[in-house]
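Participant: Dumping the structure here so I can ask a few things about it.
The values are calculated or read from the model by the stated rules, or taken from the named source; none is laboratory data. As the structure is a computational prediction, the values presented were derived from the model and not from experiment. No Cβ is skipped: glycine too gets one built from the backbone with ideal geometry, and neighbour counts run over all protein chains shown.
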Amino acid sequence: MMRTLLWGFIVFILVVFGIPLLMAYSNISSRSDERTGQTTPDVAIDVFIESEGAIQAMPLEEYLKGVVAAEMPASFHEEALKAQAVVARTYAVRRMRIFGGPGSQEHPGADISTDPVLGQAWISKKQCRQRWGFFGYLRYWPKIETAVRETEGLVIVYRNRLIDPVYHSTCGGHTEDSEDVWSGQEPYLRGKPCPYDIGSPYYGTVQDISYDEMAARLGLDALALKTGREGQDTFIQILKVGRGGHTSMVRVGDKEMTANEFRLALGLRSAKFTWRLLPDGVRFVTDGYGHGVGLCQYGADGMARRGYGFEEIIKYYYTGVQVVPMFRE
Ligand SMILES: [Zn+2]
């Protein structure tokens, strides 16, 4: 009788104290990075939410899910989503004040903004549900969670320093050296052949722009632009082309500019373009979407579908880099 009572007491103690202890322990150990066996502490990032005009603090790894959801089609291959997660983490960590980054210049008190022009795009779970619908959400959200979880804490470095992991939608067959698009020459941003983005919908995009609109957007004199049309061969002059085939420098009328400025001012999808003069404007045909430097997202998906892993994808588009855990013991 006494023995039974004693055993009952032991079982009671185990149930009351043992199970919560075990749960707490397993909760702690689940924070451990499976690949490296290292523990990733929870880090909060202060995000300026453009749609709300307010700063919201959230765990970095949670924030990254919203970035991957916003920046890459969720239908992409899991390994491409993982590459995007590592890119997004690297981009964020470089800017976080807790790690010595500058934070958001436009929004003091925040580390980063959800405006894709100022930071990287981010959407909430609610916005994901609206975007994908109920069944789409059930299908895609776990995919994105997996991509972030399975790359937890991983960032991209070049010679032990975080890189600026620029990326774009579609390079159009070959990426560019950074100095052919912007002024800075980065050793890890070298042009690479990209036969992998051929499935992208952003090939052969036709865009018509009227002369008046061109003059307004480029800050050119409308009359001078009209006169310039008469010498049709020299109306738009390509001064320099990058190794990936994107125009690097261009002259329109009497104005010289980088092709990147030209593309952004006119709203062209890419600086890899041909054109034809129409009676009332110019018809541009572009290949690709975005600046063409760094990781090509459609290319990443193409590589993933050919069996490449996220690390191989990252190392392909960023020359000489390593993928490492951000916290080392
Ligand atoms: Zn590409």
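Participant: Tally up the residues in the range 193-212 that are within 11 Å of the ligand (Cβ to nearest atom) and either of a type in the set (Ser, Thr, Tyr) or closer than 12 Å to Gly242 by Cβ (or both), please.
Facilitator: 4
Participant: List, please: which pairs have Cβ atoms under 9 Å, are six or more places apart or on different chains, and start with a residue in the range 60-71 that is over 12 Å from Tyr91 (Cα atoms) and end with one that is among the acidic types (Asp, Glu)?
Facilitator: Glu61/Asp42; Glu61/Glu152; Lys65/Glu145
Participant: Could you count how many residues in the range 48-65 are touching a Ser or Thr at 6+ places or on another chain (Cβ under 6 Å) and under 22 Å from Phe99 (Cα atoms)?
Facilitator: 2
Participant: Of the residues that sit in the range 166-181 and are away from the ligand (no atom under 13 Å from the Cβ) and of a type in the set (Asp, Glu), which one is surrounded by the most Cβ atoms within 10 Å (Cβ to Cβ)?
Facilitator: Asp180
Participant: Okay, moving on. Return the only residue of Pro195, Pro116 being surrounded by fewer than 20 Cβ atoms within 10 Å (Cβ to Cβ), within 22 Å of Ile314 (Cα to Cα), out of contact with any Ser or Thr (no Cβ under 7 Å at 6 or more places or on another chain) and not assigned by TED's automatic domain parsing to the domain that holds Leu60.
Facilitator: Step by step, each of Pro195, Pro116 is checked, and only Pro195 is surrounded by fewer than 20 Cβ atoms within 10 Å (Cβ to Cβ), within 22 Å of Ile314 (Cα to Cα), out of contact with any Ser or Thr (no Cβ under 7 Å at 6 or more places or on another chain) and not assigned by TED's automatic domain parsing to the domain that holds Leu60.
Participant: Still on this structure, I have one more. Do you know which residues across the range 318-329 are surrounded by fewer than 24 Cβ atoms within 10 Å (Cβ to Cβ) and either within 16 Å of the ligand (Cβ to nearest atom) or within 18 Å of Asn260 (Cβ to Cβ) (or both)?
Facilitator: Thr319
Participant: Is it the case that the range 160-167 has a residue that's outside any loop (DSSP other than H, G, I, E, B) and of a type outside the set (Lys, Arg)?
Facilitator: yes
Participant: Looking at (1) at pLDDT 90 or above; (2) in contact with a Lys or Arg (Cβ under 7 Å, 6 or more places away or on another chain), which one does Leu277 not meet, given that it meets all the others?
Facilitator: The failed condition is (1).
Participant: Would you mention how many residues in the range 269-317 are more than 11 Å from the ligand (Cβ to nearest atom), among the small types (Gly, Ala, Ser) and touching a residue at least 12 places away in the same chain (Cβ under 8 Å)?
Facilitator: Residues flagged as more than 11 Å from the ligand (Cβ to nearest atom), among the small types (Gly, Ala, Ser) and touching a residue at least 12 places away in the same chain (Cβ under 8 Å) within the range 269-317 amount to 4.
Participant: Tell me yes or no: at least one residue of the range 145-165 is buried (at least 17 other Cβ atoms within 10 Å of the Cβ), within 16 Å of the ligand (Cβ to nearest atom) and either closer than 26 Å to Val47 by Cβ or not polar (S, T, N, Q) (or both).
Facilitator: Within the range 145-165 (the criterion being buried (at least 17 other Cβ atoms within 10 Å of the Cβ), within 16 Å of the ligand (Cβ to nearest atom) and either closer than 26 Å to Val47 by Cβ or not polar (S, T, N, Q) (or both)), the answer is yes, since at least one residue qualifies.
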